[in-house]
Amino acid sequence: MADPQGFLKHREREVPKSRPVPIRLLDWKDVKDELSKDEPTLRRQATRCMDCGIPFCHQGCPLGNIIPEWNDLVRQGQWEDAIERLHATNNFPDFTGRICPAPCETSCVLGINQPAVTIKNIEAEIIDRAFADGTVTPHIPQRQTGKTVAVVGSGPAGLAAAQQLTRAGHTVRVYERDDRIGGLMRYGVPDFKLEKIHIDRRIEQMEAEGTRFRTDVEIGKDITWEELRARYDSVLVATGSPKPRDLPLPGRDLDGIHYAMPYLHQGNQAAAGETVENQITAEGKHVIVIGGGDTGSDCIGTALRQKAASVTTLAIGKELPHDRPDTEPWPTDPRVFEVSSSHEEGGERHFLASTVEFLGNEAGQVLRSGSPKRSTTLTGPVPPRPAPSGTFPRISC
Ligand SMILES: Cc1cc2nc3c(=O)[nH]c(=O)nc-3n(C[C@H](O)[C@H](O)[C@H](O)COP(=O)(O)OP(=O)(O)OC[C@H]3O[C@@H](n4cnc5c(N)ncnc54)[C@H](O)[C@@H]3O)c2cc1C
C-alpha cells in the first residue's frame, strides 16, 4: 500500500540532470548524467505515487505497465521485486525507460494539480539496478513445444515477440536484413538517447534463452516469403515502417538533399566505430532539417555533434502551446511544445514554414539563400538572414 500522503510531503519533481551541453556535444554518450542519480531521490519520487485507486497511468501506457505497484516497491527499496513487476508487462524497460515518450506521465493522477510522478525515470533506474545487481538472468524454457517460428525484423517489436515465443518453448529464429540486431533502435535512434550497450546485453540474454539471430538476410530477396513459410510452423512479421515520405518539389534531385534515415544510420555506424564510406556528414555545413518531430530532433543532435556550421529546423505546423491547453485536459496526451535534449543543444527552430522549392547552383548542388526573394522557398515567419557561403545538406525528415 502506497504512502497516501507521500505527494503532500514531496511536491517537487526531481529528475536526473543532463550533462552540460558543451561537454556532451563532444561525444555520443547518453546526455543524462549518471552521477546525478541517487537512491534517496528516486525513493522520494516513487513516494509521490499515491496509488490513486483508478490508475490512469495504466491506460496511458501502451504496455499496461503496473506502475503504482513498482513505484511502491521502489518506495520501500525492494528493487528485486520491483523489476519482477516491471518485467511482468514489459520485456525491455531499459529501452522504454529511456526513449518512450511516457504517456503514463501525462495521464498520472498527480498531474491534475502537481507535476507528475517521474515514472519513466524510475522505470529506467529499476532495470539499470537489476542489470548492475545481476538479477536480469536468462529465462530458459523448461520444455520445448517442438514448434518453430521465424520472426522477420529485429526492432523492439520483433525482439519482444521473439523473447516471449522462446520463453514459451518454441524454437525461434530472428531474421534481420541489416548487419546488426535492433531495428531503428540500433540505426535510427542515436546513442545520445539510447546507448547500444542496452541492446547488446538484451541480445546476450535472448541468445542464452535460446533465440537465434541471422543478420544480413532480407526476406523477400535472400529467402522468399514462400520458402520461409514452408520452413517454419509460423512466421511473425515485424518489419517496421522504413518507407520515407518524399517531398516531390522542384529541385528535389539536387545534390545535398538527404532523407533522415540514411543520414542517422550512417551517423550511428560511425559512432559505433564502423568505417562508413562516403558518409553523409554535416561537418562544417549549414544544415536545414525539414520536419519538426522526433526524427528531426535526432538529426539536430547528430549534426551538432558532427560540428555543423549551423542547424535550422523548419516545421510545417505552428508552435504548440507550452502548457497543456484547455482543449486537451488531463488525462489525455496533449500536443505541447517540446524541447528535446537536442533542442537544448542549439540550432534555430522556425514554425509554419512550408518548403515549396529547393534552389541550387549550376553544379547541381543545393544552396542556402537568405535573400528575401529567394527565401520564397519557405513560407511563414522565417526571418531573412545574410547568405553564408558554402553548400549544405538538407535533411528531409
Ligand atoms: C530517428 C528515429 C528516432 C526515434 N526515436 C524514438 C523515441 O525516442 N522514442 C520512441 O518511442 N520511438 C522512437 N522512434 C520510433 C521507434 O524507433 C519505432 O516505433 C520502433 O523502432 C518500431 O519498432 P519495430 O520493431 O516495429 O520496427 P523497426 O525498429 O523499424 O525494426 C524493423 C526491422 O525489420 C527489418 N526488416 C524490414 N524488412 C525486412 C525484411 N524483408 N527482411 C529482414 N528484415 C527486415 C528492418 O531492417 C528493421 O531492422 C524513432 C524512430 C526514428 C526513425
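FYI, it's all coordinate maths here, none of it is from the lab. These numbers come from a predicted model, not from an experiment. Every residue, glycine among them, receives a Cβ derived from its backbone with ideal geometry; neighbour counts consider all protein chains shown.
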Among 186-192, 40-46, 321-327, 51-57, how do they line up from the highest to the lowest mean number of other beta-carbon atoms within 10 Å? 186-192, 40-46, 51-57, 321-327
Give me a comma-separated list of calculated 3J(HN,Hα) values for segment 325-337, in order, Karplus coefficients 6.51, -1.76, 1.60 applied at θ = phi - 60°, integers in Hz, x for any Gly or Pro. x, 4, 6, 10, x, 3, x, 6, 8, x, 8, 10, 4
Check: C-alpha center segment 73-115 vs C-alpha center segment 340-367, spacing in Å is 37
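For a protection proxy built on the mean count of beta-carbon atoms within 10 angstrom, sort 98-105, 222-229 highest first, please. Before the final figure, lay out each step's value.
Working: 98-105: 19.9, 222-229: 12.6.
Output ranking for 98-105, 222-229: 98-105, 222-229.
Efficiency by 1/(1 + (r/R0)^6): what FRET value for ASP255 and SER234, r their Cβ-Cβ distance, R0 = 56 Å, to the nearest 0.05? Mind showing how you got there, number by number?
On the way: r = 46 Å, r/R0 = 0.82.
Once rounded, the FRET efficiency stands at 0.75.
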Can you divide the C-alpha Rg of the chain by 2.2 N^0.38 Å and report the result to two decimal places? 1.09
Computed over the chain, the relative contact order (Cα-Cα under 8 Å, seq sep at least six) in percent reads 14
To the nearest 20 debye, what charge dipole does segment 35-110 have about its Cα centre, counting +1 at the Cβ of each Lys and Arg and -1 at the Cβ of each Asp and Glu? 240
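Could you rank the peptides 116-129, 277-290, 200-213 by their average count of other C-beta atoms within 10 Å per residue, with the highest value first? Before the final figure, lay out each step's value.
Numbers: 116-129: 23.7, 277-290: 18.4, 200-213: 16.7.
Result, highest mean Cβ count within 10 Å first: 116-129, 277-290, 200-213.
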Compute the relative contact order of segment 93-246 as a whole-number percentage, counting only Cα pairs closer than 8 Å that sit 6 or more residues apart in sequence. 26
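So what's the projected area for segment 304-365, the Cα convex hull averaged over all directions, in nm²? Please report the intermediate quantities before stating the final value.
Numbers: hull surface 25.9 nm².
Spelled out: convex hull of the Cα atoms, projected over all directions, averaged, 6.5 nm².
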Among the DSSP beta bridges whose two residues both lie in the chain, what percent are antiparallel, rounded to the nearest 5? 10
Please list, ordered by chain and number, the residues whose modelled amide H lies under 5 Å from the amide H of ASP255; skip anything fewer than 5 residues away on the same chain. GLN365, VAL366
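Just need the relative contact order of segment 6-133 here, percent rounded to a whole number, with Cα pairs under 8 Å and 6+ apart.
Working: 178 pairs, mean separation 35.7, N = 128.
Taking the mean separation of contacting Cα pairs over the length of segment 6-133, I get 28 percent.
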With unit charges on the beta carbons (Lys and Arg positive, Asp and Glu negative) and the dipole taken about the Cα centre of segment 6-133, which residue among ALA88, GLY111, GLY53 sits farthest to the positive side? GLY111
Projected onto the charge dipole of segment 249-297 (+1 at Lys/Arg Cβ, -1 at Asp/Glu Cβ, origin at the Cα centre), which of VAL276, TYR259, LEU249 gives the Cα projection farthest towards the positive end? LEU249
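For segment 1-160, what does the equivalent ellipsoid look like in terms of its semi-axes, each the square root of 5 times an eigenvalue of the Cα gyration tensor, given largest first in whole Å? Before the final figure, lay out the partial values.
Values: eigenvalues 154, 93, 49 Å².
They are 28, 22, 16 Å, listed from largest to smallest.
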Using a cut-off of under 17 Å, list every residue of segment 90-122 whose amide N is near the label point 7 Å from the Cα of GLU39 along the Cα-to-beta-carbon line. 122
Using θ = phi - 60° and the Karplus relation 6.51 cos²θ - 1.76 cosθ + 1.60, list the HN-Hα couplings for segment 229-242 in order, rounded to whole Hz, with x at every Gly or Pro. 4, 6, 7, 10, 5, 9, 10, 10, 9, 9, 8, x, 9, x
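Taking the Cα centre as origin and putting +1 on Lys and Arg beta-carbons and -1 on Asp and Glu beta-carbons, what dipole magnitude results for the chain, to the nearest 20 debye?
540
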Magnitude of the charge dipole, segment 6-133, Cβ model with Lys/Arg +1 and Asp/Glu -1, debye to 20: 520
Quick check: Cα centre of segment 221-236 to Cα centre of segment 241-318, how many Å? 35
Would you kindly derive the ³J(HN,Hα) couplings of segment 355-362 from the backbone phi angles with the Karplus curve 6.51 cos²θ - 1.76 cosθ + 1.60 (θ = phi - 60°), listing them in order in whole Hz, with x for Gly and Pro? 6, 10, 6, 10, 9, x, 9, 5
